[in-house]
Amino acid sequence: MTIRVALADDQQLIRAGFRALLEAEADIEVVGEAATGADAVDLVRSQRPDVVLMDIRMPGGDGLWATEQITAAPELCGTHIVVVTTFELDEYVAQAIAAGASGFLVKDTEPVELIRSVRVAAAGDALLSPSVTRRLLERISSGLVASRPVDGLTELTAREREVMVLIAAGLSNDEIGARLFLSPLTAKTHVSRILTKLGARDRVQLVVLAYESGLVTPGFSV
């Protein structure tokens, strides 16, 4: 299956570089480019890409605004947004993740990692490494997002809460299964049920919800 990607960045050279890298892959197609946040939203509405590589600092509605517009539209739930930024812990990146972006990359990311991230995001899986996830979300939980009740959390079983804590630690389905003595398929089933009960778009949003709800706190370890 071909992964359809949209590029949103106000620098033409960046877009050209990303396009060249991605279109060299047999399973990836770039379906459009946008130089402003407003154009990015219009592009997603018209093309319904699987993944958007979204710059934050753009004119005409920045990437944060565009991310919020896209993630708030139920009809666009099939599009996953990967924020691309110059600064690894830009406060706007944290806000974009909280708004529903599926992850983020820095612009000096190795080409192979960019391609892998597009594939992982298209599959709806987690694409932030555990170390980056921890740093970013500790920043969210310590100031950018206040602790709040999370709808659906009380509906989780004890096992599902265990799984959610391990997701927040950045563990994969295989790693969760090994930790809890479950098969990878059973672990994946638990993750799917958690996503449904909490109305979350993907695993990255589950990590945000785990911090927001207080299920995990900065500095926790598993």
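Put a plus charge on the Cβ of each Lys and Arg, a minus charge on the Cβ of each Asp and Glu, and nothing anywhere else: the dipole of segment 1-114 about its Cα centre is then about 260 debye. Average 1/r across all pairs of distinct alpha carbons in segment 41-83, invert it, and you get the Kirkwood radius: 10.3 Å.
Using Cα-Cα distances under 8 Å and only pairs 6 or more residues apart, what relative contact order does segment 23-76 have, in percent? Walk me through the numbers on the way to the answer.
Values: 47 pairs, mean separation 18.9, N = 54.
For segment 23-76, the relative contact order is 35 percent.
At a Förster distance of 30 Å, what's the computed FRET efficiency of Phe181 paired with Ala20, Cβ-Cβ distance as r, to 0.05? Intermediate results must be reported in sequence, preceding the final value.
Working: r = 46 Å, r/R0 = 1.52.
After rounding to 0.05, the efficiency reads 0.10.
Take Met58: with every protein chain present and a 1.4 Å probe, its accessible area is about 20 Å². Taking Cβ atoms as reference points and 12 Å as the exclusive limit, the residues near Ala16 contribute a net charge of -1, counting Lys and Arg as +1 and Asp and Glu as -1.
The values are calculated or read from the model by the stated rules, or taken from the named source; none is laboratory data. These numbers were taken from a predicted model, which means no experiment stands behind them. Glycine gets a Cβ as well: all are built from the backbone with ideal geometry, and neighbour counts include every protein chain shown. Accessible surface areas use protein heavy atoms only, side chains included; no ligands, DNA or RNA. Shrake-Rupley method; radii C 1.70, N 1.55, O 1.52, S 1.80 Å.
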